[in-house]
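J.: I have a structure I would like to understand better, so I am pasting it below and will then ask my questions one at a time.
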Amino acid sequence: MEAKIFYRNGTTWYTIPMIYNLETGYWEGEIPPMPANSTITFKIYAKDKYGNENWSQEYRYDVLSLPSQHKPISPFTYFSSYTTIFILSAILGVAIVVCYLGVRKYLKSSNPRKT
């Protein structure tokens with residue numbers, strides 16, 4: 001018994017033998033990696049121990065390109081160092097004001113004035 005995968009990327013047909021997997025009970029073969037943005041056509045040929053042969057219909061799949069790998073971008077990547085310092089200073093200033101108002105409110109509520 002034998003089985004083969006016939007595939008092409010363009011006009012030339014290539015052949016890959018398939019191997020029977022005793023664990024799964026399937027014939028297996030693998031088409032090697034193909035260039036991005038190409039279309040692969042393939043079909044399967046099988047022949048049993050009595051000499052009977054058969055071909056599958058043709059199948060097709062498209063190989064897509066992978067997204068490019070981008071490094072994470074800091075929110076400050078596009079700003080000059082002075083702009084970054086200004087933004088960080090503004091954030092720190094707001095944090096100080098919020099803390100001050102919170103402490104002031106706490107002190108007022110825990111130490112009420114008698115009139």
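Taken together, the values in this text are just the output of simple stated rules run on the coordinates, not laboratory data. Bear in mind the structure is a predicted one, so any value in this text is a computation, not a measurement.
J.: Whole-Hz Karplus ³J(HN,Hα) for segment 38-52, in order, using 6.51 cos²θ - 1.76 cosθ + 1.60 and θ = phi - 60°, x for Gly and Pro?
T.: 10, 10, 10, 10, 8, 8, 10, 10, 9, 9, 8, 5, 8, x, 6
J.: To make sure I understand the rule: partners must be aspartates and glutamates, Cα under 17 Å from the Cα of Lys4, and not fewer than 8 residues away in the same chain. Which ones qualify?
T.: Filter leaves Glu28, Glu30, Asp48, Glu53, Glu58.
J.: Follow-up. Expected output is a single nm value to one decimal: the length gained when fully extending between Ser109 and Gln57, i.e. 0.36 nm times separation in residues minus the C-alpha distance. What is it?
T.: Length gained, Ser109 through Gln57: 10.5 nm.
J.: Quote the Stokes-Einstein diffusion coefficient, in whole µm² s⁻¹, for segment 2-63, based on the Kirkwood radius over alpha carbon pairs, a temperature of 25 °C and a viscosity of 0.890 mPa s.
T.: 194 µm²/s
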